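Visitor: Mind looking over this structure? Questions follow.
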């Protein structure tokens, strides 16, 4: 039987140390896909309940006006995606559950071309996040309950000609793999 120090050295040699993910102030260090912006949405709580503002044009967070809104749900262990929009941006706010928004940037003139960006959306730090035009994205429920989210896309849905393009979640065209057993579509 090897000495304990041998086991420690052997396992540490095979291990990879985590990189820094946040600053000492708790600010995430992830590189966002070019054109993505995230705005925190504080939740105000008192003895009656809570309130969270979803969107206010006075924030000047996004240059395009609010023109359309809808809610969507996502069951645990499920992925919706890969989707891409050529003509509009999505703007998500998570209301319930835990979701990872996974982005892949194929835009040739973008400084983040070829990069995958993963943004956790949770009730622990509420935010609104935009998904730029021509960026592939997938919504992955990483929690144990249904996700409930609202989207404020930059244009109303066109039922006759939807601005939605799809790839399967296991495509080899995007360098990201979802965990085994995840349902997608």
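Visitor: I'd like the full set of residues that are surrounded by fewer than 20 Cβ atoms within 10 Å (Cβ to Cβ) and assigned to a strand (DSSP E or B), limited to the stretch 96-123.
Guide: If the condition is that a residue be surrounded by fewer than 20 Cβ atoms within 10 Å (Cβ to Cβ) and assigned to a strand (DSSP E or B), then 96, 100, 116, 117, 118, 120, 122 are the ones that fit.
Visitor: Now a separate question. So how many residues does the stretch 124-145 have that are in contact (Cβ under 8 Å) with a residue 40 or more places away in the chain and loosely packed, with under 14 Cβ neighbours inside 10 Å? Quick ask: steps written out before the conclusion?
Guide: Step one: list which residues in the stretch 124-145 are in contact (Cβ under 8 Å) with a residue 40 or more places away in the chain, which gives 125-145.
Those left that are additionally loosely packed, with under 14 Cβ neighbours inside 10 Å: 144-145.
The total comes to 2.
Visitor: Restricting attention to the stretch 168-183, does a residue exist that is surrounded by 18 or more Cβ atoms within 10 Å (Cβ to Cβ), over 14 Å from the mean Cα position of the chain (by Cα) and either under 14 Å from residue 89 (Cβ atoms) or in contact (Cβ under 8 Å) with a residue 12 or more places away in the chain (or both)?
Guide: yes
Visitor: If you check residue 10 against the conditions, is it at pLDDT 95 or above, surrounded by 10 or more Cβ atoms within 10 Å (Cβ to Cβ) and out of contact with any strand residue (DSSP E or B) (no Cβ under 8 Å at 6 or more places or on another chain)? Walk me through it before giving the result.
Guide: Values: at pLDDT 95 or above: no; surrounded by 10 or more Cβ atoms within 10 Å (Cβ to Cβ): yes; out of contact with any strand residue (DSSP E or B) (no Cβ under 8 Å at 6 or more places or on another chain): yes.
No, not satisfied.
Visitor: If you check every pair at least six apart or on different chains, which have Cβ atoms under 6 Å apart with a residue in the stretch 53-76 that is in contact (Cβ under 8 Å) with a residue 40 or more places away in the chain first and a residue that is exposed (fewer than 12 other Cβ atoms within 10 Å of the Cβ) and part of a loop (DSSP other than H, G, I, E, B) second?
Guide: 67/156; 68/156; 76/144
To keep it simple, each residue is scored yes or no on (1) in contact with a strand residue (DSSP E or B) (Cβ under 6 Å, 6 or more places away or on another chain); (2) at pLDDT 90 or above; (3) outside any strand (DSSP E or B); (4) closer than 22 Å to residue 155 by Cβ.
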residue	(1), (2), (3), (4)
39	yes, yes, no, yes
44	yes, no, no, no
63	no, no, yes, yes
68	no, yes, yes, yes
79	yes, yes, no, no
82	yes, yes, no, yes
92	yes, yes, no, yes
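Visitor: Going residue by residue through the stretch 20-43, is there one that turns out to be without any contact (Cβ under 8 Å) to a residue 40 or more places away in the chain and either in contact with a helix residue (DSSP H, G or I) (Cβ under 9 Å, 6 or more places away or on another chain) or on the phi > 0 side of the Ramachandran plot (or both)? Steps first, please.
Guide: Going through the stretch 20-43, the residues without any contact (Cβ under 8 Å) to a residue 40 or more places away in the chain turn out to be 20-29.
Now narrow it down to the ones that are either in contact with a helix residue (DSSP H, G or I) (Cβ under 9 Å, 6 or more places away or on another chain) or on the phi > 0 side of the Ramachandran plot (or both): 26.
The answer is yes; a qualifying residue exists.
Visitor: Checking the conditions here, which among 120, 162, 111 is free of Cβ contacts under 8 Å to residues at least 40 places away in the same chain and more than 15 Å from the chain's Cα centre (by Cα)? Don't jump to the end; show me each part of the working.
Guide: Details: 120 fails: more than 15 Å from the chain's Cα centre (by Cα); 111 fails: free of Cβ contacts under 8 Å to residues at least 40 places away in the same chain.
Matching residue, one of 120, 162, 111: 162.
Visitor: Could you please find all residues in the stretch 137-159 being within 25 Å of residue 62 (Cα to Cα) and within 16 Å of the chain's Cα centre (by Cα)?
Guide: Selection gives 137, 138, 139, 140, 147, 148, 149, 150, 151, 152, 153.
Residue by residue, here is whether (1) part of a strand (DSSP E or B); (2) surrounded by 11 or more Cβ atoms within 10 Å (Cβ to Cβ); (3) modelled with pLDDT under 90 holds:
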site: 20; (1), (2), (3): no, no, yes
site: 31; (1), (2), (3): no, yes, yes
site: 35; (1), (2), (3): no, yes, no
site: 73; (1), (2), (3): yes, yes, no
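The values are calculated or read from the model by the stated rules, or taken from the named source; none is laboratory data. From a predicted model like this one, the values you see are computed outputs, not experimental measurements. Neighbour counts run over all protein chains shown; Cβ positions are idealised from the backbone, glycine included.
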